[in-house]
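Structure record follows, encoded as structure tokens.
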Ligand code: G3I
């Protein structure tokens, strides 16, 4: 390479790192986040899309993210399809992909009231409790120190009606196993090596002023007193403009501060931002940046993660265009702005 070509390359690369975002100057999220020690930048992925590590999907993902979560592969329905017969292949594959690309692996999830195998629903309450403990022991021991964190309990608290003291929603676990949350955390704590963080994960809890967020805080305070919890996952499945509604922006900052004062961490775990036609990518971008900024500004926040990363694969439906990259894996306005926010942090 001639000196002139090398020099031009240097200038372009240097200005790409510091100039305003533009499609040609996109700095991959992972690179933009280098030097930000506290916050990992993550995305969930289906195991099937990571199977070919040389695919454009896998390569773009590893280039942009330093953490991944299996969208479904580590859930009960995938790992214990028949009672006591564990199948870890798909979940292992996501863990291996992460580690082969020097990414962290986040475990999701050990106990959820829905999407469980049919055999679980046929058990008596006391058998269910035993099955819960056996499942968590087996899965947590199999993965040992690999995950940085486990979502130990997912979505236990009701958003609406409340007919019990903690406001648990009716599910495969409640009311059959009234102490399922504590039993799950206690079992995970005993089985997990030191350093693997244990999380409660839920949706619609990012605004501290909402009724559901208050219920979750109440539950988490109780778990904190028993030292069985290390953090709270804010899923953040939201729509564009979220930060401008219902005091959400201030409410998110307050949420992080409340958990910081409790001495536990916050992960943004499953963010996506609905952006149906007529699309407003600028508004979607502002919503993503508001959440990332709140995370970067709170010492409690240690993970900023989206549920998927490109619009071609998303549980909400591709017509919502909810993710930071388009279905051709190119950065949208949201990815450009997230990169810039990371560079400027
Ligand atoms: O893989 C089977 C396929 O073989 C079958 O033909 C098809 C028919 O319905 O189902 C496929 O499985 C589906 C699976 O996603 C993979 O696409 C399940 O039915 C479907 O229930 C499952 O949905 C997942 C859902 O959790 C329930 O586990 C979504 O992908 C996943 O994005 C979603 O993730 C949840 C988080 O775990 C918790 N927070 C909310 C978030 C979004 O709902």
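Assorted remarks:
- Within segment 59-104, being in a strand (DSSP E or B) and over 21 Å from residue 325 (Cα atoms) holds for 82, 85.
- Any strands (runs of 3 or more DSSP E) falling wholly within segment 165-265 and containing at least 2 residues that are away from the ligand (no atom under 16 Å from the Cβ), under 29 Å from residue 133 (Cα atoms) and at pLDDT 95 or above: 197-202
- Test: residue in segment 117-137 that is touching a helix residue (DSSP H, G or I) at 6+ places or on another chain (Cβ under 9 Å), closer than 19 Å to residue 233 by Cα and either in a loop (DSSP other than H, G, I, E, B) or within 14 Å of the ligand (Cβ to nearest atom) (or both): no
- Selection from segment 328-345 of residues that are part of a loop (DSSP other than H, G, I, E, B) and out of contact with any helix residue (DSSP H, G or I) (no Cβ under 7 Å at 6 or more places or on another chain): 328, 330
- Conditions (1) surrounded by fewer than 24 Cβ atoms within 10 Å (Cβ to Cβ); (2) touching a helix residue (DSSP H, G or I) at 6+ places or on another chain (Cβ under 8 Å); (3) within 16 Å of residue 71 (Cβ to Cβ); number of the one not met by residue 300: (3)
- Residue in segment 138-164 that is modelled with the lowest pLDDT, counting only those that are assigned to a loop (DSSP other than H, G, I, E, B) and within 16 Å of the ligand (Cβ to nearest atom): 159
The values are calculated or read from the model by the stated rules, or taken from the named source; none is laboratory data. This structure is a prediction, so every number in the text was calculated from the model and none was measured. Here Cβ is always computed from backbone atoms with ideal geometry, including for glycine, and neighbour counts include all displayed protein chains.
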